[in-house]
Amino acid sequence: PTGQLTLAQSRMDALGQTHVTWYQTHLGLPVVNASVMVHVNPAGAVYLAHGKVVTDLPSSVVPAVSVESAKDVAVEAARELLGFDWEPEIPEPELAIVPVGFSKGLPEADARLAWRVHVQWRKCAGEECDPLGAYVTVDARSGDLLLGTQDFQHLTRRIYDCATHVGDPLCYSEEEGIDGYIHGRREGTPPRGPHNNPAMPQ
C-alpha cells in the first residue's frame, strides 16, 4: 500500500528529469532494502518505475528481546568478526523489518523484526581517528544472530619497483633514485612508471 511508502528523495538531473525514491516502512519501522523509484521526464510523464517491496510482514513490531540483550549478541559477533577485545562504542540500535533473503539462514517466506546494531572501535586514543566496526543484525524475537558485516572495505596493495639496486631487500617509499626516479608509492600519491634501471627485474 502507498501508506507504507515514505518519501526519501526527489531530485532533478541536468536533463530536467525527476527521480523520486520512497522507502518502505511498516507500522513505523523501516523495511531493510525495500524501496520504490519513479522517473519522470521534463513533460511530467512517468517513463520508468521500479522497486522491490516486502509483502509478508510481521503483524506485531513489539520486540521480545531487549535492546541490551541485542547489544550483547552484537558485540560478541563483532568481536569474533574483527578480533578487537577492548570496549566498543555502540550508537543507539535501530528496530527494523528484515526482508526475505536478507540472510541465507532465514526461511524463504519469512520477514522478521530485528535489531540493527552498529558496533564500533577506535584504534587510537581520542577522536582523531575514524572508528572501525561491524553492522550486526539480531532477531528481535529469538535473539539469534542473523547477519554481521564489517563497516569498512579492505584495500590490498602490492608495491613493486621500490628497491634502489639489485639484491637490495628493502623497499624505499618516496625516495629519489637513479636520474630522479622516485621509488615506491604511498597511498594517495601518483602512480609510478616502470623502474628506470634496466638491471632491475621489475
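Only a single item in (1) outside any strand (DSSP E or B); (2) at pLDDT 70 or above; (3) surrounded by fewer than 15 Cβ atoms within 10 Å (Cβ to Cβ) is not met by Gly143, and it is number (3). Given the condition free of Cβ contacts under 8 Å to residues at least 40 places away in the same chain, within 22 Å of Pro99 (Cα to Cα), among the charged types (D, E, K, R) and open to solvent by 30 Å² or more (accessible area, probe 1.4 Å), answer yes or no: does some residue in segment 44-67 qualify? The answer is yes, given that some residue of segment 44-67 is free of Cβ contacts under 8 Å to residues at least 40 places away in the same chain, within 22 Å of Pro99 (Cα to Cα), among the charged types (D, E, K, R) and open to solvent by 30 Å² or more (accessible area, probe 1.4 Å).
Tell me whether segment 172-192 contains one or more residues that are farther than 17 Å from Asn33 by Cβ, open to solvent by 90 Å² or more (accessible area, probe 1.4 Å) and modelled with pLDDT of 70 or more. Within segment 172-192 (the criterion being farther than 17 Å from Asn33 by Cβ, open to solvent by 90 Å² or more (accessible area, probe 1.4 Å) and modelled with pLDDT of 70 or more), the answer is no, since none of the residues qualifies.
The values are calculated or read from the model by the stated rules, or taken from the named source; none is laboratory data. Just so it is clear, the model here is predicted, and its values are computed rather than measured. Neighbour counts are summed over all protein chains in view; Cβ atoms, including those assigned to glycine, are modelled from backbone coordinates with ideal geometry. The area values use the complete protein model at the heavy-atom level, side chains included, leaving out ligands, DNA and RNA. Shrake-Rupley method; radii C 1.70, N 1.55, O 1.52, S 1.80 Å.
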